[in-house]
């Protein structure tokens, strides 16, 4: 059994309209979700498939970190997809600085986040004090490096150049593979 603390404003997203999201998670994972919306805890009770229960845990955590539930369900179908979370509050001491860093990561009108997603193939969510990624380990690492570059003050241009270079390497490695 696993207990996950969820921000209260994300409990509804885990349940979904008419319980749809909870039902999909339970059906695909064989685990049972016991959700306490009063204190924001989700208990995951494993079913027949222990790996499914671990997937359910990743999906609940991803939704809790701000992802749209529909963007998380691909984790059931693709074994290599995983959730990676960066706590950006570790890099700052004030709320104002935290907001500034989130702004750098998202970019004007979401441009930086969109470019990072497009060039890495990773889904990003900036929520609360965290930046979360859903992707393969290799692609998550590229996105993590880009985000850390932004946090450490690198220019957006140099981050985009880094992402372009890594994108070319990914394309080349796939060509070499086939």
The answer for the per residue Cα convex hull volume of the stretch 1-106, in Å³, is 122 Å³
Placing one equal point scatterer on each C-alpha of the stretch 54-138 and summing with Debye, one gets log10 I(q)/I(0) at q = 0.18 Å⁻¹ equal to -0.77
Bridge orientation stat for the stretch 70-178 from DSSP, antiparallel percent rounded to 5, came to 100 percent
Asserting the computed 222 nm helical MRE of the chain (DSSP H runs at least 4 long, -39500 (n - 2.57) per run, divided by residue count, to nearest 500) equals -17000 deg cm²/dmol
In nm², the average projected area of the convex hull spanned by the Cα atoms of the chain is 11.5 nm²
Tilt, helix 20-29 to longest principal axis of the chain (alpha-carbon atoms), in degrees rounded to tens, equals 90 degrees
Computed over the stretch 82-177, the relative contact order (Cα-Cα under 8 Å, seq sep at least six) in percent reads 30 percent
The stretch 84-137 and the stretch 12-30 have their Cα centres apart by a whole-number Å value of 26 Å
So the angle from the long Cα axis of helix 111-120 to the longest Cα principal axis of the chain, reported in degrees to the nearest 10, equals 80 degrees
Unit-weight point scatterers at every alpha-carbon of the stretch 82-177, Debye formula, q = 0.12 1/Å: log10 I(q)/I(0) is -0.35
Packing-ranked peptide list from 51-61, 147-157, highest mean Cβ count within 10 angstrom first, is 51-61, 147-157
The helix 137-151 Cα axis meets the longest alpha-carbon principal axis of the chain at an angle in degrees, between 0 and 90 and rounded to 10, of 60 degrees
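No value in this document is a laboratory result; all are computed from the given coordinates. Since the structure is predicted, the reported quantities are computational estimates derived from the model, not experimental observations. As a convention, Cβ positions derive from the backbone with ideal geometry for all residues, glycine included, and neighbour counts pool all protein chains shown.
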